[in-house]
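Before any comments, here is the structure.
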Amino acid sequence: MIASEAAPFAKTGGLADVLAGLPRALGRLGHQVTVFVPRYRGAPAGEPVAEFAVSLSGRTLAARFDRHPVADGVGAVLVDCPALYDREGLYGIGNEDYPDNAFRFAFLAKASLEFAGRMFERVDVVHAHDWQAGLAPVYLKKQFAQHPVLGGVPTVLTIHNLAYQGLFPADVLPTLDLAWDLFSVDALEFWGKISFLKAGVNFSTVLTTVSPGYAKEIQTHEYGFGFDGIVRRRSADLVGILNGIDVDEWNPMSDAALPAPFGPNKLAGKRLAKKQVLQSFGMATDQAGMKRPLVGLVSRLVDQKGFDLLSSVLPDLLQQHAGYVLLGNGDPNYEQEWAAAARSHPEQVGARIGFDEPLAHLIEAGADIFLMPSRFEPCGLNQMYSLRYGTVPVVRATGGLDDTVENYRPRSGAGTGFKFKACTGPALLRALGCALQVYQDPVRWQAIQRAGMRLDHSWDASARKYVKVYRRGVVRAAVGARAARA
Ligand code: ADP
């Protein structure tokens, strides 16, 4: 696997968690996986296992390869090239990307493949993640086709978020060891630029994305970010597989961030978590405070997560008989808006602007309802944590949210949460209103909580689906090779 992030070596978001959870689950199934990531500033040096020069269009840089054992059959190799990776940020500083990101991630792909070609006896599949690894399938085809280890190896590209497309001016092409014939609409060209993601989509054997729902959505104009046509052309080779969650880290029976353990048959501990959340936000914990439904939000504060929808109905939210606790950072406008709401309604709203993992766990456990009104959501992790913590999700029916939350049906009492389809403030309010109403009926509410808590979103099931995809890639590559010989 090749990626720009993998926990615990480098993390800015959910991608890093996938690159930690999936390889381990594959290892448990008996497979051998090596994850290649850059060695960014602060990442620990591992055992140096190789050192050689890597060239891209005549620019040659020395790379060292540090191996870290991860689990049975699983290791990480950190590509150490200080000139490219020993910097303040992973991708840039603030909102400013590093000007040489095309070269930095092309180098990652090339160096990883060269390492595999030299050090491994056999490679069955190369799995590239997101645009940063998008050139790996191109290099494999163009530069390693005759290689004894890497020749003909199938490639899988996983799209974690189609909004990030790795767009660069066309004139970087010759600096990346790529010929101008690749500057075409069937290859890398995208409206006069080149796109690393398009390279990955067009050159990989099989494509995946992180939920079945998102796999469908990215083929539509509404969710395609201009890529819908490109993805549609490969529709037959695209599979949606839900991300798993780390069920050891997110386990209400053993979570060190909680005051008491709880589970589906032992919900009392959840009340203690609610009390602690209210206390930590300076909100009342008397009988009335504990009885009032508490809505939690843990999120990047950005439009993707529906914070503009929330803004449009904030006064209405405050009219509800509910308290709100928010943890997040991101867009300064939303940070200020929520901080101001907490100042003007201290009894009803708590806001912590920042990144705080223990508090994220406590909110997931202590809230009654988790609100996630995303405009689009490739998979989403927080709603899966909520389900496991008996915190009933209220979500927009999109992508992975739609796939993981089952809408409550009043007649049968079945369902695990509340969903709304239209991307509007009133639709959000209606869904939240339904949840608040059902909350008043403890028997029904606990049935919803327990149904969510019993779901299994561990990585093992998803890893089996990836294995199927890998096998499909292997078969496809073999058929392709036979056809080429004939
Ligand atoms: P995305 O990757 O798009 O941000 P996900 O729901 O897939 O959204 O994953 C977000 C992850 O980051 C979750 O594990 C969530 O708990 C965590 N997270 C987001 N914001 C914060 C925060 N301010 N403090 C702590 N954890 C956060």
Can you pull the one-decimal nm distance between simple spin-label points at ARG409 and ASP171, each 7 Å off the Cα toward Cβ? 6.1
For the chain, the per residue accessible area (1.4 Å probe, Å²) is 42
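Treating only the Cβ atoms of Lys and Arg (+1) and Asp and Glu (-1) as charged, compute the dipole magnitude of region 374-417 about its Cα centre; round to the nearest 20 debye. Kindly include the intermediate steps, with their values, before the conclusion.
Details: 5 positive and 4 negative charges, 32 e Å.
Charge dipole, region 374-417, about its Cα centre: 160 debye, nearest 20.
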Computed FRET value (nearest 0.05) for LYS291 with VAL467, which takes r as the C-beta separation and R₀ as 35 Å: 0.15
About the Cα centre, charge dipole magnitude for region 228-370 (Lys/Arg +1, Asp/Glu -1 at Cβ), debye: 400
Heavy atoms of MET1: accessible area, 1.4 Å probe, square angstrom to 10: 20
Going by average Cβ density within 10 Å per residue, which order do the peptides 41-54, 310-323 take, highest to lowest? 310-323, 41-54
For THR208, the net charge from surrounding residues (Cβ-Cβ under 12 Å; K, R +1; D, E -1) works out to +2
Mind giving me the nanometre distance, one decimal, between the label points for ASN265 and THR60, set 7 Å out from Cα along Cα→Cβ? 6.7
State the dimensionless ratio Rg/Rh of the chain (Rg: radius of gyration of Cα atoms; Rh: Kirkwood radius). 1.00
Would you mind computing, in nm to one decimal, how far apart the modelled labels at ASN333 and ALA486 are, each placed 7 Å from Cα along Cα→Cβ? 5.8
Amide H neighbours of ARG39 at under 5 Å, excluding residues fewer than 5 places away on the same chain, with H built from the backbone geometry, are VAL79, ASP80, CYS81
Which residues' amide hydrogens lie under 5 Å from the amide hydrogen of PHE190, considering only partners 5 or more residues apart or on another chain, with H built in the peptide plane? SER195
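Of all DSSP beta bridges located in region 1-143, what percent are antiparallel, nearest 5?
Values: 19 of 27 bridges.
Beta bridges within region 1-143, antiparallel portion: roughly 70 percent.
Where does the charge balance sit around GLN320 when Lys and Arg score +1, Asp and Glu -1, over other residues with C-beta under 15 Å from its C-beta? All intermediate terms of the calculation are to be shown ahead of the outcome.
Numbers: positive: LYS291, ARG292, ARG430; negative: ASP316, GLU347, ASP368.
It works out to a net charge of 0.
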Given the candidates SER184, ALA478, SER412, the one whose Cα lies deepest towards the positive end of the charge dipole of the chain, counting +1 at each Lys or Arg C-beta and -1 at each Asp or Glu C-beta, is SER412
Against the longest alpha carbon principal axis of the chain, how many degrees, from 0 to 90 and to the nearest 10, is the axis of helix 459-485 turned? 30
What is the distance in Å between the Cα centres of region 433-459 and region 361-406? 12
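Based on Cβ point charges of +1 for Lys and Arg and -1 for Asp and Glu, what charge dipole magnitude is obtained for region 268-456 about its Cα centre, in debye rounded to the nearest 20?
Working: 21 positive and 18 negative charges, 141 e Å.
The dipole magnitude comes to about 680 debye.
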Mind pulling the angle between the C-alpha long axis of helix 332-344 and the longest principal axis of the chain? Nearest 10 degrees, somewhere in 0 to 90. 20
Heads up, I need the accessible area for ARG444: 1.4 angstrom probe, whole protein in place, Å², nearest 10. 90
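The values are calculated or read from the model by the stated rules, or taken from the named source; none is laboratory data. Predicted model only: the values in this text are computed from it and were never measured. With ideal geometry, Cβ positions are generated from the backbone for all residues, glycine too; neighbour counts draw on all protein chains shown. Accessible surface areas use protein heavy atoms only, side chains included; no ligands, DNA or RNA. Shrake-Rupley method; radii C 1.70, N 1.55, O 1.52, S 1.80 Å.
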